[in-house]
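Read the structure below first, then the notes.
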Amino acid sequence: MKQIRLGFSPEREWAGKFLSMALLMVMFTGMAFAQQKTISGKVTDETGAPVPGATVIVKGTTTGTVSDFDGKYSINVPSTAKVLDFSFVGMKTQEVVIGNQTNISVKLISEVIGIDEVVAIGYGVQKKKLNTGATIQVSGDNLQKLSTTNALTALQSQSPGVEITQSSGQPGEGFKVTIRGLGTIGTSAPLYVIDGVAGGDINAFNTADIESIDVLKDAASAAIYGARAANGVVLVTTKKGKAGRLQLTYDGYYGVQYAARMPSLLNAKEYMSMMDETRFNEANPTYDWANILPTPLYNSIMDGSWQGTNWMKEAYNEAAPTQNHAVNLSGGNDQSKFALGFSYTSQEGILGKPVQSQYDRYTARINSDHVLLKVKDFDAIKIGETLNFNYNTKSGVAIGDIYWNSIHNLLVGNPLLPAYDAEGNFYDYDDKVANGWNFDGNTGNPLAATALSSQGLNLSKNYGLQSSAYLEIQPIKDLVFRSQFGFKMSASSYRSYDGIRHLSNNTNVTMDNVSQSAGSG
């Protein structure tokens, strides 16, 4: 009788295991597919036209697809997906909650900002998307957010390719602006055109009055202005009225200023040591400080009770205030629009105390536009005007070369000299004689040198008026004839006082002197 053995060979046993694994993979794959669903639909614009190439993404993942030529799409999404993002260049991104939907169609709305925004290009304005020239546009809102006393300060961080540097940190000082390098007309300054009037002063404007600033960097867009535009053009447009309800806005801030870091100066002992080292290197005997300095002063230096005078700290105006306040009123209708603006700006300098720099500026602005004749859907005859007035006062310390620079005098001042005498007056030559000083009398009090002379006792006043009026005729739609008349004037005055003082052998002023000048243009 033939015996039959039941069982599997090793080969058959391996095949069975492989079959079992395959069945398990099919089961898991089926479960995975069961956890996904397909969503389809169509993407259109506000007119109903299909949007090909629109991006459809499951929010928070990298799962996505794009719409085809007919705007249709289809995407497999996990069952846990909650939101689909629909986006397209130049249109607002739209989010749609998936829920139980399997068919989702969306209508994307055009993004107005960046597509229909216009930039000034010299001859007029052009849509930003059509402009190919080298231009930069900065909106007034972006300038205003930075809370600066000068529009060019705010423009520094928002104008790539334009070099803007301030000649001095003193309040009210101007800026050097370089757009295209040093030009053939002997200067690198660009041409400023404010509301269509060439040759204005941007430093006289409050950031709250500016609608936008356009910087024309290439020669083509600035060609209308001729040789004056060789170094580029900066177009400033002030705020205009808008149709609608009357709007009153206020923008203001108040802050304090501190020096980020003060220079490290020698104290009294260090100064004496450096002077002795200089004498030694010149093969001269060192100073006999005990005999040169008044005894009480010498003893206080030696025992460390007095470190000497740090002239920079003495002149430091800690927490120097700065503030700005601007009020704007605008309104109108389809026939007539207006905008009014008033502002006040004030800033103190952080050095020069007790005669620290002071800058105050007042501005007033009136803009209006009026439609005299309207034909169908366009304005046939239109007139308007702009009027910008500014007034500023400025006083400051000397910022010239080393022979007329208050900060230089503070940096090299002798720390052995006290700043004030026992009565609180400036320590001068007479105090040195009375206290028994016995050394070169050419060393004077640098703080007094500024506070008692025209270096710090000065005041300049500046007035400026810039206005323009235009007439615009449009006989047929989009054919515009515009005529504009501009007027600007300025006036200034300067007054300084040089007081009686005796600070050293070579600083002995025995008569008061007042200097005054004025001009207009």
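The table that follows gives values for the structure above.
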{"read-out": "Environment charge at Phe342 (Cβ cut-off 11 Å; Lys +1, Arg +1, Asp -1, Glu -1)", "value": "0"}
{"read-out": "Net charge of Cβ neighbours under 15 Å - reference Pro160; Lys, Arg +1; Asp, Glu -1", "value": "-1"}
{"read-out": "Note, ³J(HN,Hα) from phi for the stretch 426-439, Karplus 6.51, -1.76, 1.60, rounded to Hz, x at Gly and Pro", "value": "4, 6, 10, 5, 5, 5, 5, 5, 5, 8, x, 5, 9, 7"}
{"read-out": "Between helix 10-34 and the chain: long-axis angle, C-alpha atoms, 0 to 90°, nearest 10", "value": "70"}
{"read-out": "Whether the chain is rounded, prolate or oblate, judged on the alpha carbon gyration tensor where a/c under 1.5 counts as rounded", "value": "oblate"}
{"read-out": "Per-residue SASA entry for Thr80, accessible area with 1.4 Å probe, Å² rounded to 10", "value": "110"}
{"read-out": "Helix 268-281 axis, angle to the chain major axis (alpha carbon atoms, nearest 10°)", "value": "70"}
{"read-out": "Radius 15 Å from Cβ of Pro190, net charge of other residues (Lys, Arg +1; Asp, Glu -1)", "value": "0"}
{"read-out": "The stretch 303-445: relative contact order in percent, alpha carbon pairs under 8 Å with at least 6 residues between", "value": "20"}
{"read-out": "Two-site FRET efficiency, Asn505 against Val256, from Cβ-Cβ distance with R₀ of 41 Å, rounded to 0.05", "value": "0.50"}
{"read-out": "The stretch 247-286 versus the stretch 401-449: alpha-carbon centroid distance in Å", "value": "16"}
{"read-out": "For the chain, calculated [θ]222 nm from helices alone, where every DSSP H run of n ≥ 4 adds -39500 (n - 2.57)", "value": "-4500 deg cm²/dmol"}
{"read-out": "Mean Cα-pair separation over length for the stretch 408-515, i.e. relative contact order, pairs under 8 Å, 6 or more apart, %", "value": "26"}
{"read-out": "Inter-site label distance for Asp68 and Thr93 at 7 Å from Cα along Cβ, in nm", "value": "2.7"}
{"read-out": "Test item: Cα-centred dipole of the chain, Lys/Arg +1 and Asp/Glu -1 on Cβ, debye", "value": "2840"}
{"read-out": "Sequence-separation-based contact order of the stretch 261-374, relative, with Cα cut under 8 Å and 6+ spacing, percent", "value": "20"}
{"read-out": "Carbon plus sulfur fraction of accessible area for the stretch 294-337, probe 1.4 Å, in percent", "value": "49"}
{"read-out": "Net length gained if the chain between Ser273 and Asp401 were fully extended (0.36 nm per residue, minus Cα distance)", "value": "43.2 nm"}
{"read-out": "Residue among Gln137, Leu417, Ala364 farthest towards the positive dipole end of the chain, charges placed on Cβ", "value": "Gln137"}
{"read-out": "Rounded, prolate or oblate (a/c below 1.5 giving rounded, otherwise prolate when a/b exceeds b/c) for the stretch 325-385 by Cα gyration tensor", "value": "prolate"}
{"read-out": "Accessible area in square angstrom per residue, the chain, 1.4 angstrom probe", "value": "57"}
{"read-out": "Accessible area of the stretch 149-293 belonging to carbon and sulfur atoms, whole % at 1.4 Å probe", "value": "52"}
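The values are calculated or read from the model by the stated rules, or taken from the named source; none is laboratory data. These numbers were taken from a predicted model, which means no experiment stands behind them. Virtual Cβ from ideal backbone geometry, glycine too; neighbours counted across all protein chains shown. Side chains are part of the model used for accessible areas, which takes the heavy atoms of the whole protein and leaves out ligands, DNA and RNA. Shrake-Rupley method; radii C 1.70, N 1.55, O 1.52, S 1.80 Å.
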